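Trainee: Below is a structure I'd like to ask you about.
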Amino acid sequence: MFFRRASEDRAFREAQRAGYELLLQLQATHPWPDFPEQAVPAPAAEEAVAPDLLPPDLRVPSRQEVAGLMMRWQQPLVIDGEVRTCPGCGAYRDWIVFCMRDDFVWLRCRAGHETKEPRLDAAWYNRISGPVDRFHPTLEEGLRHLGH
Ligand SMILES: [Zn+2]
């Protein structure tokens, strides 16, 4: 648990809902977490539309079909009572949190450093994240959408 009191927990969840949870499609040519540098054109159908009206390749994929989930985490991230800092630059807030298909949680700081967080897992991620409402075909799209 990150918060001792229910009121704090509730406020925290509301803050988290303000961010979007995103999906990343697994792409063999873009293996995560080696973020590719080349730009990928933004798809025209990025914005959410009723899934049933879309052809299958534009529907929001299920969790089994994507490389992982991502969300923005602007508060300091407290794990086991200590604030998590980036080993690359010392940042302690404004993370992008990834939950990959293998259940591992990764953190990406504002400067783009990525680090695995073995103390967190998919169960933790699912507990604090909101419903999946966006799908991004590339990691870059997701990061841009989240403001990174
Ligand atoms: Zn960093």
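The values are calculated or read from the model by the stated rules, or taken from the named source; none is laboratory data. Nothing here was measured: the structure is a model prediction, and the numbers come from that model. Note: accessible area is taken over every heavy atom of the protein model, side chains too, but ligands, DNA and RNA are not part of it. Shrake-Rupley method; radii C 1.70, N 1.55, O 1.52, S 1.80 Å.
Trainee: To the nearest 10 square angstrom, what accessible area does Leu107 show with a 1.4 Å probe?
Mentor: Looks like 0 Å² after rounding.
Trainee: Please arrange Phe104, Phe135 by accessible surface area, largest first, computed with a 1.4 Å probe and ligands excluded.
Mentor: Largest accessible area first, the residues go Phe104, Phe135.
Trainee: Give me the accessible area of Cys99, 1.4 Å probe, in Å² rounded to the nearest 10.
Mentor: 10
Trainee: Next up: Rounded to the nearest percent, how much of the accessible area of the stretch 68-148 (1.4 Å probe, protein heavy atoms only) is carbon and sulfur?
Mentor: So the carbon and sulfur contribution to the accessible surface is 49 percent.
Trainee: How big is the gap, in Å, between the Cα center of the stretch 93-109 and the Cα center of the stretch 133-148?
Mentor: Cα centres, the stretch 93-109 to the stretch 133-148: 13 Å.
Trainee: So, one more: Could you sort Glu140, Glu82, Glu117 by their accessible area in this structure, using a 1.4 Å probe and putting the largest first?
Mentor: My answer, sorted largest first, is Glu82, Glu140, Glu117.
Trainee: While we're on this one: Express the accessible area of the stretch 58-148 per residue in Å², computed with a 1.4 Å probe while the remaining protein chains stay in the model.
Mentor: 47
Trainee: Accessible area, 1.4 Å probe, largest first: how do Tyr125, Tyr92 sort?
Mentor: The most accessible residue leads, giving Tyr92, Tyr125.
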